[in-house]
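Step one of this worksheet: look at the structure below.
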Amino acid sequence: MKILRQFLIILLISLLGEILSWLLPFPVPASVYGLVLMMAALMTGAILIPQVKEAAVILIELMPVMFIPAAVGLMTVWEKLRPMVVPVIVITFVTTLLVMGATGLVTQKVIEKTEKGSEN
C-alpha cells in the first residue's frame with residue numbers, strides 16, 4: 001500500500017503538470033511543469049522525500065527500458081537518418097561538453113556562495 005500511495009502522489013503531481021500545460025499558453029512540456037511542481041513541493045515540505053522515495057527509485061530503475069521503443073524506432077528509419085549521422089554526433093558531442101562546462105561553473109559558483117554564507 002505504501003508504494004501505491006507514493007505512485008499516486010507522483011501521478012497527481014504529473015496530472016497537475018498536464019493541467020498547467022493545458023491551461024498556460026507557454027510552449028513548456030507538461031513533464032517540465034510536473035518536475036517544477038514536485039521540486040517546489042519537496043523544497044517547501046508539502047511533500048517529504050520519504051513519501052515518494054521508494055516509488056521514485058522504482059521509476060528511475062525502469063527508465064532505461066523506456067528508451068527501447070525509441071531506439072527500435074530509430075532503427076526502422078536508419079536509411080533516412082544515415083546522411084545526418086555525422087552532424088548529429090558532432091552536435092551531441094559539442095552540446096554535451098557545453099552542458100558539462102556550464103554545470104561545472106554553476107556548481108562552483110553555488111559552492112563558493114555557500115562557503116561564503118557559512119563563514120558569515
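The values are calculated or read from the model by the stated rules, or taken from the named source; none is laboratory data. Just so it is clear, the model here is predicted, and its values are computed rather than measured. Positions of Cβ are generated from backbone atoms using ideal geometry, with glycine treated the same way; all protein chains shown enter the neighbour counts.
What to note about this one:
- Only a single criterion out of (1) assigned to a helix (DSSP H, G or I); (2) out of contact with any helix residue (DSSP H, G or I) (no Cβ under 7 Å at 6 or more places or on another chain) is not satisfied by S31, namely (2).
- Considering residues of the stretch 46-57 that are of a type in the set (V, I, T) and surrounded by 14 or more Cβ atoms within 10 Å (Cβ to Cβ) only, the residue farthest from K2 (Cα to Cα): I47
- Test: residue in the stretch 57-75 that is among the small types (G, A, S) and modelled with pLDDT of 95 or more: no
- Of all residues in the stretch 58-92, those satisfying the criterion of being under 23 Å from Q6 (Cβ atoms) and aliphatic (A, V, I, L, M) are I58, L59, I60, L62, M63, V65, M66.
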